[in-house]
1. Which of the residues that make up the stretch 4-27 are within 21 Å of residue 142 (Cβ to Cβ) and either at pLDDT 95 or above or not in a loop (DSSP other than H, G, I, E, B) (or both)?
2. Which is free of Cβ contacts under 8 Å to residues at least 60 places away in the same chain, closer than 18 Å to residue 187 by Cα and of a type outside the set (Ser, Thr, Tyr), of 254, 268?
3. Restricting to the stretch 230-250, count the residues that are assigned to a strand (DSSP E or B) and not aromatic (Phe, Trp, Tyr).
4. Can you find a residue in the stretch 278-294 that is within 24 Å of residue 182 (Cα to Cα) and in contact with a strand residue (DSSP E or B) (Cβ under 7 Å, 6 or more places away or on another chain)?
5. Residues to consider are 167, 171; find the one that is on the phi > 0 side of the Ramachandran plot and either in a loop (DSSP other than H, G, I, E, B) or surrounded by fewer than 14 Cβ atoms within 10 Å (Cβ to Cβ) (or both).
6. Scanning for something closer than 22 Å to residue 79 by Cα and without any contact (Cβ under 8 Å) to a residue 12 or more places away in the chain, does the stretch 183-194 turn up at least one residue?
7. Select, from 242, 133, 166, the only residue that is in contact with a Ser or Thr (Cβ under 8 Å, 6 or more places away or on another chain), more than 24 Å from residue 76 (Cβ to Cβ) and touching a residue at least 12 places away in the same chain (Cβ under 8 Å).
8. Among the helices (runs of 4 or more DSSP H) lying completely within the stretch 28-145, list those that include at least 3 residues that are open to solvent by 10 Å² or more (accessible area, probe 1.4 Å) and either under 30 Å from residue 234 (Cβ atoms) or in contact with a Lys or Arg (Cβ under 7 Å, 6 or more places away or on another chain) (or both).
Amino acid sequence: MSASVYTYLGPEGTFTEAALRSLPEAATRELIPMVSVPTTLDAVRSGAAAAALVPIENSVEGGVTITLDELATGEPLMIYREVLLPIAFALLVRPGTQLADVKTVTGHPVSQPQVRKWLAANLPDALWESAASNGDGARLVQEGRYDAAFAGEFAAATYGLEPLVSAIHDAENATTRFVLVGRPARPAVRTGADKTSVAIWLGDDHPGALLELLQEFAARGVNLVRIESRPTGQGIGRYFFSVDLEGHITDRRVASALMGLKRICPNVRFLGSYPRAGFEPTDMSPLRNGTSDEDFSVAEEWLARCQDGRA
């Protein structure tokens, strides 16, 4: 494995590259762009890279489905940290292009919902076609295949383009979440402001099946911060659940919930416990009475006394 290599969803000039370069360790790694999320992650699986940064969630569009599916299937990988990046787009054009000249636009599919209102108001007749990434959209404009691309303003210099309009976003404070992924190993050290990610498959479809899954978390006071259903590819109505929850796998309440899920679900894939970006321990949801590590220890000691006849 090349410990000096990190891959990311490329090409150069993507928001993913900007997010990766915000990590201190990126300054000492060789950063290699890849053409898609699967190839980015497969470089880690093959040992060609030590880690990969990929987008996983957007505050406007929701989960990045290709990333959710890739992490849930194939050779296991683990998330070791997350990065939050505020997103604002620039309309990048070849020098000399005016707004009236823009008949075709491109960008990553997740970008379109974030600029839809701006497009309708300013370029209502422009034809949108998706690109593999925002950086790739800028490259296609450079090659003359489209008139404009929605991308980060920082990509303009890389592709010899100009920002015709800057700071474009339909939703204030739009943010994309990225995850740094590596091969399975011991989780990141618990910080007290952590997140755990899992993929969960239900054993069978019956009334209350999802409720049974959720009760494993609720009974132990584990707060869910995201849950999404994704098709398994095994037929209509067959889904797995991608879940992010507050806490670390070494927290007793989280460990107990995961064991409970494993008892009732045929497959539970642990995707990592890692620091929650932008959160301090004081920002986390308060623990419910009876769900702290100390509460679990007291209960175990009481049970041991009962079993020994010392209750």
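The values are calculated or read from the model by the stated rules, or taken from the named source; none is laboratory data. Quantities reported herein were computed from a predicted structural model and do not represent experimental measurements. Here the Cβ is made from the backbone with ideal geometry for all residues, glycine too, and neighbour counts use every protein chain on show. Heads up: the accessible areas ignore ligands, DNA and RNA and are worked out on the full protein's heavy atoms, side chains in. Shrake-Rupley method; radii C 1.70, N 1.55, O 1.52, S 1.80 Å.
1. Across the stretch 4-27, the qualifying residues are 8, 9, 15, 16, 17, 18.
2. On the way: 268 fails: free of Cβ contacts under 8 Å to residues at least 60 places away in the same chain.
The conditions single out 254.
3. At the first step, the residues of the stretch 230-250 found to be assigned to a strand (DSSP E or B) are 230-231, 239-246.
If we keep only those that are not aromatic (Phe, Trp, Tyr) too, we end up with 230-231, 242-246.
Number satisfying all stated conditions: 7.
4. Yes - at least one qualifying residue is present in the stretch 278-294.
5. Values: 171 fails: on the phi > 0 side of the Ramachandran plot.
Sole residue among the options that is on the phi > 0 side of the Ramachandran plot and either in a loop (DSSP other than H, G, I, E, B) or surrounded by fewer than 14 Cβ atoms within 10 Å (Cβ to Cβ) (or both): 167.
6. Let us first name the residues in the stretch 183-194 that are closer than 22 Å to residue 79 by Cα, namely 183-194.
Next, only the ones that are without any contact (Cβ under 8 Å) to a residue 12 or more places away in the chain stay: 186, 189.
Yes: the stretch 183-194 contains one or more residues that are closer than 22 Å to residue 79 by Cα and without any contact (Cβ under 8 Å) to a residue 12 or more places away in the chain.
7. 133 is the lone residue from the list that is in contact with a Ser or Thr (Cβ under 8 Å, 6 or more places away or on another chain), more than 24 Å from residue 76 (Cβ to Cβ) and touching a residue at least 12 places away in the same chain (Cβ under 8 Å).
8. 37-45, 65-72
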